[in-house]
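*Asks:* Sharing a structure here in structure tokens format.
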Amino acid sequence: MKVFRSLLMSTLVALAMCSSCTKNVSLTRLAPAEISIPNHVQRLLILDRTEPESKGVAIIEGILTGEAPFEVKNAIEATLATVQQELNTSPRYEVVRARERLKGGLFSQQFPQPLTWDQIDALCSAYGADGVLALEKFSSDFVVTDKKARIKKTVGEGKDATTVEVDGIYAEGVAQVQVGFRFYDPANRNIADQVDVSKTNLWSAEAETRAQALALMINKVRATQIVGQMAGAAYARRVAPMFLTISRTFFHKSKTNPALAYGARLAEVNKWEEAMDAWTTALDGDNDEKTAAKLAYNIAIGHEVLGNLELAQDWAGIAYTRYGLKKGRTYANDLTRQILANEQVRQQLAGD
């Protein structure tokens, strides 16, 4: 079982110039999973259930669809590896991968019959797992089209090099995968989730001839792997809280109060408590409304960086209600959503 160290994690990632009067601070947050899986599922077994029911039928279907088992095998592995890698970045589960590959829905548009609970119990017993996440169907497609186009070409070398337009070929390759996942909860004898995930990506290349353009194009096997990874990452976000980076903007210049800039410099070197002291002290003095609004807003940012979203929300509200800063209203609403999201994450991690 993983231990979740800090739900209100506010890791300072970077500070960068945003404009002449603001800077950015990047924070790491846990976003809730799209669905809540029962908390008793702590050790999760990932299973490949895409072995063809019949190799002969699979070969025929692969020919008809332009797919072949040897082409999609690496894509399936890439999909499952990405699911495992993404889930390992979340505090939600301890993840283990099954060694066996069970018969399922390669090339199929429909889910196969669910595994029996005797099968699920046996798998969970063998791997010490509380639940099973199975990839049960996988299909893919890669379509390349091309058309005549005017393309740019460099002629000459060095200082004599120039760019000219010539007749050529513009090619596009579109890869798509559709995968089906089932999440088995043996304690409740329930399929906690069953969903199709579809992902598409486009690549392009241009050259003077069609052969040259196609040679520059990504190949079908690699394209399918990449789109499979996209599908795997999307599903991981569906069933586990995942870390994401958010950006906040704070003020660092004032024409009338140098304390605003002083506090901003402290924030730049990650001395946020000292920065907030500087801004709070400055706010107690005489300020025009615009400067006071900036100081209150920056104090709100500081509280969020230090992990107190409720105080951050209060100060964002002050920046708007007392000093008329519209950004304060937007920020306060954003913090309301973040507080609700944090509570949802707490519930999803309650078994940790």
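*Asks:* Normalised by the residues of region 87-219, what does the relative contact order come to in percent, with Cα pairs under 8 Å and at least six apart?
*Replies:* 21
*Asks:* Between 254, 140, 36, which gets the highest mean-square fluctuation from a Gaussian network model of the chain, Cα cutoff 10 Å?
*Replies:* 254
*Asks:* For region 150-223, what is the largest minus smallest coordinate of the Cα atoms on each principal axis, given in angstrom and ordered from greatest to least?
*Replies:* Ordered largest first, region 150-223 gives principal extents of 74, 24, 17 Å.
*Asks:* Take the eigenvalues of the Cα gyration tensor for region 73-225, scale each by 5, and report the square roots as semi-axes in whole Å, largest first.
*Replies:* Semi-axis lengths for region 73-225 are 47, 17, 11 Å.
*Asks:* Let me ask something else about it. Within the set of other residues whose C-beta is less than 11 Å from the C-beta of residue 181, count the net charge using Lys and Arg as +1 and Asp and Glu as -1.
*Replies:* +1
*Asks:* If you compute percent of Cα pairs over 28 Å apart for the structure shown, which of (i) 60; (ii) 53; (iii) 42 do you land on?
*Replies:* Computed from the coordinates, percent of Cα pairs over 28 Å apart corresponds to (i).
*Asks:* Can you give me the solvent accessible area of residue 40 with a 1.4 Å probe, rounded to the nearest 10 Å²?
*Replies:* 80
*Asks:* Further question on the same structure: When only the heavy atoms of the protein chains count and the probe is 1.4 Å, how do 138, 111 rank by accessible area, highest first?
*Replies:* Accessible-area ranking of 138, 111, largest first: 111, 138.
*Asks:* What FRET efficiency comes out for the pair residue 189/residue 89, r = Cβ-Cβ distance, R0 = 35 Å, nearest 0.05?
*Replies:* Efficiency computed from Cβ-Cβ geometry: 0.70.
*Asks:* Treating the angle as unsigned and between 0 and 90°, give the value, to the nearest 10°, between the Cα long axis of helix 326-348 and the longest Cα principal axis of the chain.
*Replies:* 50
*Asks:* Let me ask another. Which residue fluctuates most in the GNM of the chain (Cα springs below 10 Å): 219, 342, 88?
*Replies:* Highest fluctuation among the options: 219.
*Asks:* Say a paramagnetic label sat at a point 7 Å from the Cα of residue 43, along Cα to Cβ; which residues of region 117-149 have their backbone N under 11 Å from it?
*Replies:* The answer is 124-131.
*Asks:* From Cα pairs below 8 angstrom and at least 6 apart in sequence, can you work out the relative contact order of the chain, rounded to a whole percent?
*Replies:* About 22 percent, as a whole number.
*Asks:* Measure nothing but the geometry: give the 0 to 90° angle between the long axis through the Cα atoms of 55-65 and the longest principal axis through the Cα atoms of the chain, rounded to 10°.
*Replies:* The answer is roughly 60 degrees.
*Asks:* Using alpha-carbon positions, what is the distance between the centroids of region 212-241 and region 252-314, in Å?
*Replies:* 44
*Asks:* Nearest 10 degrees is fine. How inclined is helix 220-239 to the longest principal axis of the chain, computing both from alpha carbons?
*Replies:* Long axis of 220-239 versus the principal axis of the chain: about 50 degrees.
*Asks:* When the chain is modelled as a GNM with alpha-carbon springs shorter than 10 Å, which of 217, 242, 230 fluctuates the most?
*Replies:* 217
*Asks:* Which whole-number percent gives the relative contact order of region 246-295, counting Cα pairs below 8 Å spaced six or more residues apart?
*Replies:* 36
*Asks:* Loop only per DSSP, at most 11 neighbouring Cβ atoms within 10 Å: give me the trypsin sites (Lys or Arg not before Pro) in region 247-346, ordered by residue number.
*Replies:* Loop-located and lightly packed - 255.
*Asks:* If you filter region 104-177 for GluC sites (Glu not before Pro), then keep DSSP loop positions with at most 10 other Cβ within 10 Å, what is left?
*Replies:* The qualifying sites are 157.
The values are calculated or read from the model by the stated rules, or taken from the named source; none is laboratory data. Worth saying up front: this structure is predicted, and the values here are computed from it rather than measured. So basically every Cβ, Gly included, is an ideal-geometry build from the backbone, and we count neighbours across all protein chains shown. Protein only, heavy atoms only, side chains kept; ligands, DNA and RNA dropped before computing areas. Shrake-Rupley method; radii C 1.70, N 1.55, O 1.52, S 1.80 Å.
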